[in-house]
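Chemist: Sharing a structure here in structure tokens format.
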Amino acid sequence: MNAVPHTALIVGVGIRYGTTAAELGSLLDAALAVAGLPRVSVTALATVAERANDPAVMSLASQLDVPILAHSAERLATVRVPNPSHRVRTAVNTASVAEAAALLGAPEPDPLQFRLRLRIPELRPATTEAEVELVVPKTSSTRATIAIARHSVVDLHHHGDRELAADLLDLAVNVRTEPQPSWLREAIAGATVDLAAYPDPRPATEAVASNYRVESGQVLITAGAAEAFTLIARARPPGHAVIVHPQFTEPEVALRRAGWRITRVLLHQDRGFRLDPSRIPEDADLLVIGNPTNPTGVLHTAAELRALRRPHRLLVVDEAFMDSLRREPESLLSEKSWGALADALVVRSLTKTWGLAGLRVGYVVGDGQHVAKLAAVQARWSVSTPALAATLACFTPAGSKEADQRARRSIADAAYLRSALHDRGFELVPDAVGPFVLTRHPYWPTIHPDLRSAGIAVRQADTFPGLDFGWIRVAARSAEATATLLAAIDAKLAT
């Protein structure tokens, strides 16, 4: 069976007796053309139980190698659809068999909505959601109707490291793979000489504060950005959190676990995944946004982000990839006044640029009152002595010089990758920055498994809310690694 692990395209079918398989297949192709989707993305046909054994439906399901989902007429009659038909309702007591059957492809849908957000009980409800969206109007002939709904099951725990295997080239994880400089390795190793003493975060905290010209009370060293998001979720009573997607999913995981009510604001490709501030609900108590955003690479302006602050709202900006850009344009930490960080927290990480994912080290800079609340719920000694030593070393003149050199290489590697993919017909995010590329090919929906078969791991991107099947995120590596990727792509495109 065709398997699309994170996006299920359910085709609802309303059909009269006597419709041929050829008619139904042509109707499906017309509907898919409207949606810009390939046949391979269809994962099931759905219809009323009395039509599930119709020869045309069975033949089309066989051609697609997908199952038939049969629903009772009574169940279909409960689903409100966007294009109701009085004639169909009179005949079968259902406003539209095709639309209702398409929307019922996921468990337990809300009959009062066309776009649904619901919990899937068997799929870790705290971190996994399904979204259902009717993606095209129904397409009709005189004897049949087809409607398509996209059911996206998003595994918020899916990250690039899940893509890896010993025999695969790693283009999935956004961590620089070049060796750490000798002074950084020596600092980390030297910190292991006396591990009997408890970690003291004060020197590292002062170094970060001095670098950004803020008070030490505005800085908290954390065990990676992931711990920072957990502290943010726990530091205040749960309220209404808005998360701007597509973006890194761990903030949503942390907030859900802490009991926050979540609203997703999905940015769209047709706007270049740019932020529309008018779409942010005014009642949001907490707002999370990435800058530059993982995986889109969009860099929002500092002015846009400052405008999102409200007296009752905490703005959280994930700047984990900001140090991959020279001079860190549009960082809120480039603002030297206290007012620029009022009611705002910036989350940073040493993981990406320095290749320290295994060490777990990051930090938060921002409004001192909010930083103090995070510190109050942080476990004592949560950041290890070697991680603190790495932080201290990175905020030295040698660290600043090396960071700039690494940013230069990262920018060059990403520019080469984007240019090469563009030349091969791939869709790219306009003006994207960062050490990775979000992309897809309009005529190659199975690129992720195909590259995997060719020995290359890239990040499956439809696990980011708001992205569809076919999107991948590719880490920008050396020219040699990119050449291996391009050779695999060229070989596939030539077939």
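The values are calculated or read from the model by the stated rules, or taken from the named source; none is laboratory data. Given the structure is predicted, the values throughout are model-derived calculations rather than measurements. Neighbour counts run over all protein chains shown; Cβ positions are idealised from the backbone, glycine included.
Chemist: Name the one entry in 24, 9, 28, 60 that is under 29 Å from the mean Cα position of the chain (by Cα) and surrounded by 15 or more Cβ atoms within 10 Å (Cβ to Cβ).
Modeler: The conditions single out 9.
Chemist: Just to be sure I understand, how many residues within segment 246-268 are among the polar types (S, T, N, Q) and part of a strand (DSSP E or B)?
Modeler: Residues that pass the stated criteria total 1.
Chemist: Let me ask you something else. Inside segment 426-495, counting only strands (runs of 3 or more DSSP E) that do not spill past its ends, which hold 1 or more residues that are in contact with a Phe, Trp or Tyr (Cβ under 6 Å, 6 or more places away or on another chain)?
Modeler: The qualifying strands (runs of 3 or more DSSP E) are 436-440, 472-475.
Chemist: While we're looking at this one, here's another question. Across segment 181-207, what is the number of residues that are over 24 Å from residue 220 (Cα atoms) and modelled with pLDDT under 95?
Modeler: Matching residues across segment 181-207 total 1.
Chemist: Checking residue 243 against (1) touching a residue at least 40 places away in the same chain (Cβ under 8 Å); (2) outside any strand (DSSP E or B); (3) surrounded by 18 or more Cβ atoms within 10 Å (Cβ to Cβ); (4) not small (Gly, Ala, Ser), which single condition isn't satisfied?
Modeler: For residue 243, the exception is condition (2).
Chemist: On the given criteria, is residue 403 under 30 Å from the mean Cα position of the chain (by Cα), more than 16 Å from residue 185 (Cα to Cα) and either surrounded by 21 or more Cβ atoms within 10 Å (Cβ to Cβ) or not polar (S, T, N, Q) (or both)?
Modeler: no
Chemist: A follow-up question, please. For segment 35-57: of the residues being surrounded by fewer than 19 Cβ atoms within 10 Å (Cβ to Cβ) and hydrophobic (A, V, I, L, M, F, W, C), which is modelled with the lowest pLDDT?
Modeler: Only one residue tops the list, namely 35.
Chemist: On to the next question. Which pairs have Cβ atoms under 8 Å, sit 6 or more apart or on different chains, and link a residue in segment 399-424 that is touching a residue at least 12 places away in the same chain (Cβ under 8 Å) and closer than 12 Å to residue 474 by Cα to one that is of a type in the set (Phe, Trp, Tyr) and buried (at least 17 other Cβ atoms within 10 Å of the Cβ)?
Modeler: 414/436
Chemist: Evaluate segment 38-51: report whether one residue or more is more than 35 Å from the chain's Cα centre (by Cα) and either charged (D, E, K, R) or over 21 Å from residue 104 (Cα atoms) (or both).
Modeler: Looking for residues that are more than 35 Å from the chain's Cα centre (by Cα) and either charged (D, E, K, R) or over 21 Å from residue 104 (Cα atoms) (or both), one finds at least one in segment 38-51, hence yes.
Chemist: Residue 495 - would you say it is of a type in the set (S, T, N, Q) and touching a residue at least 60 places away in the same chain (Cβ under 8 Å)?
Modeler: no
Chemist: Restricting to segment 170-190, what's the tally of residues that are among the aliphatic types (A, V, I, L, M) and farther than 15 Å from residue 473 by Cβ?
Modeler: Residues flagged as among the aliphatic types (A, V, I, L, M) and farther than 15 Å from residue 473 by Cβ within segment 170-190 amount to 4.
Chemist: What are the residues in segment 403-425 that are of a type outside the set (A, V, I, L, M, F, W, C), touching a helix residue (DSSP H, G or I) at 6+ places or on another chain (Cβ under 8 Å) and in a helix (DSSP H, G or I), if any?
Modeler: The answer is 406, 410, 413, 416.
Chemist: Do you know which of the residues in segment 215-229 that are surrounded by fewer than 24 Cβ atoms within 10 Å (Cβ to Cβ) and not in a helix (DSSP H, G or I) is nearest to the chain's Cα centre (by Cα)?
Modeler: This residue is 223.
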